[in-house]
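K.L.:
One structure, as structure tokens, below. Some questions next.
Nothing in this text is a laboratory measurement; each read-out follows from the coordinates by a stated rule. Not measured: the values here are computed from a predicted model. Using ideal geometry, Cβ is built from the backbone for each residue, glycine included, and neighbour counts are taken over all protein chains shown.
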Amino acid sequence: MVFVGMDHGTTGVSFTILEDNITHFKIGRDELSSGEVSALAELSQRIETEKIKLMAITYAMGDGITKITPLNKVKDRGILSIEGAGKVTGGGTTVYDEIENSSIPTVLIPGLHQGTPSMDPLFREAYSHHASAEKVSICYNAHLKTGYENFIVSDISSNTVSILLENGIIKGAVDACLGSMGIIHGPLDLKMIRDIDEGVRTANECFSRAGAVKVAGIDEKVAKAKDVLLKKYQGGDHKAELALETMLMTITMEIYGLAGVAHNEIEGVVLTGSVGSMREPFDFFGNLKDKIENIGEVVMIPPTSGSIGSAQIAKAIYEGAKDILGIKVL
């Protein structure tokens, strides 16, 4: 049997085909937005789509739904708005529409937000939005891989989002605009709030350059920013080194913050994302592990965890699961 998972990420759309062997592929935003590439055509080259028993996908913030929902029952692609949520890089909508118009049985995974019933009510009251939908997939993959019931997941890449799970249920999360830095996105500090009030930049423009790029003084497209930062770091650029160390500090604070409000002893911390799993040229994983290992065991899962987790969710639902980490299946 064949199951497919999709991760609608910042730099591209990733797919995992789950059968006897696992196949991954990623389509960049530029290719998708230009219309050069069809996601379904790429998928069809790797598997006969008629063999797919179920596909599970994510899209944007996923804040318009609270349950894992069949695609034919989803309104407005499962989101309240595409505005004010980071750089709109394009391409994801085209992929969603292709899948929606196909004959592949598909479910849409929700994000984590105020309306998510499983979340701790304190988190729900504190923040309107906590994490986009692929974080649910990442957490499910981490849960299956480690067997942890009480743990923290930190997905570190263009943005950084950390999630707290207790007794196998997602209880809280800190979104990119609230907590720690990623390469591109980060929290809005007082200077940025003043810039917004004075009309210097929009809130979204501030959010989309509040990460490591702010510290390093980099102004690049999302897809290129990390490579530019690392190249500067390798060249001995002080600001690039400072940017990575600053990211590291803010993420350490975020993870300790979640551990501090947990009701159970934390078994482990799972790091993922293109930066969270990085060992070279800057050993981000090793440096972060050293800072947080007294919380619990620190493990790494690959950046493909979002699409893998989505495929694993599809498989679980096909086999009868009615609940994924506290999120109901419609």
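K.L.:
Less than 20 Å from a label point 7 Å out along the Cα-to-Cβ axis of Ala41: which backbone N atoms in the range 94-114 qualify, by residue?
P.N.:
94-104
K.L.:
Using DSSP, restrict attention to beta bridges with both residues in the range 144-300 and report what percent are antiparallel, rounded to the nearest 5.
P.N.:
Working: 11 of 20 bridges.
Among the beta bridges of the range 144-300, antiparallel pairing accounts for roughly 55 percent.
K.L.:
While we're looking at this one, here's another question. So how long is each side of the chain along the principal axes, counting just the alpha-carbon atoms, biggest first, in Å?
P.N.:
Principal-axis extents of the Cα atoms in the chain, largest first: 53, 47, 39 Å.
K.L.:
Name the shape class, rounded, prolate or oblate, that the alpha-carbon gyration tensor gives for the range 240-317, where a ≥ b ≥ c are the square roots of its eigenvalues, rounded holds for a/c under 1.5, and otherwise prolate holds if a/b is larger than b/c and oblate otherwise. Walk me through the intermediate numbers first.
P.N.:
Details: a/c = 2.29, a/b = 1.24, b/c = 1.84.
Oblate shape, in that a/c is at least 1.5 and b/c is the bigger or equal ratio.
K.L.:
In debye to the nearest 20, how big a dipole does the range 144-300 give about its Cα centre with +1 on each Lys and Arg Cβ and -1 on each Asp and Glu Cβ? Numbers along the way, then the final one.
P.N.:
On the way: 16 positive and 23 negative charges, 97 e Å.
So the dipole magnitude of the range 144-300 works out to roughly 460 debye.
K.L.:
While we're looking at this one, here's another question. Would you mind checking which residues have amide H under 5 Å from Ala173's amide H? H placed 1.01 Å from N; only 5 or more apart, or other chain.
P.N.:
Leu164
K.L.:
Further, regarding this structure: How long are the semi-axes of the equivalent ellipsoid of the range 144-300, taking √(5λ) for every eigenvalue λ of the Cα gyration tensor, in whole Å from largest down?
P.N.:
Working: eigenvalues 152, 75, 27 Å².
Sorted largest first and rounded, they come to 28, 19, 12 Å.
K.L.:
Related question: Non-local amide H neighbours of Met300 (under 5 Å, H modeled in plane, Pro and chain starts lacking H): which ones?
P.N.:
Under 5 Å from the amide H of Met300 lie the amide H atoms of Leu271, each far enough along the sequence or on another chain.
K.L.:
Provide the per-residue ³J(HN,Hα) series for the range 44-50, in order, calculated from phi with Karplus coefficients 6.51, -1.76, 1.60 and θ = phi - 60°, each as a whole number of Hz, with x at glycine and proline positions.
P.N.:
So the J values, rounded to whole Hz, are 5, 5, 10, 7, 6, 5, 5.
K.L.:
Another question, then. Given H placed 1.01 Å from N in the peptide plane, which residues other than close sequence neighbours of Leu80 have an amide H under 5 Å from its amide H?
P.N.:
Long-range HN contacts for Leu80: Asp63, Gly64.
K.L.:
May I ask you to evaluate 6.51 cos²θ - 1.76 cosθ + 1.60, the Karplus curve with θ = phi - 60°, for each residue of the range 65-80 and list the ³J(HN,Hα) values in order in whole Hz, giving x for glycine and proline?
P.N.:
These are the phi-based 3J(HN,Hα) values: 9, 10, 10, 5, 10, x, 4, 6, 10, 8, 9, 6, 6, x, 10, 7 Hz.
K.L.:
Restricting to the chain, compute how many DSSP beta bridges are antiparallel as a %, nearest 5.
P.N.:
Details: 30 of 47 bridges.
DSSP beta bridges in the chain are roughly 65 percent antiparallel.
K.L.:
Tabulate in residue order the Karplus-calculated ³J(HN,Hα) for the range 241-251, using 6.51 cos²θ - 1.76 cosθ + 1.60 with θ = phi - 60°, rounded to whole Hz; enter x for Gly and Pro.
P.N.:
5, 4, 4, 5, 5, 5, 3, 4, 5, 5, 5
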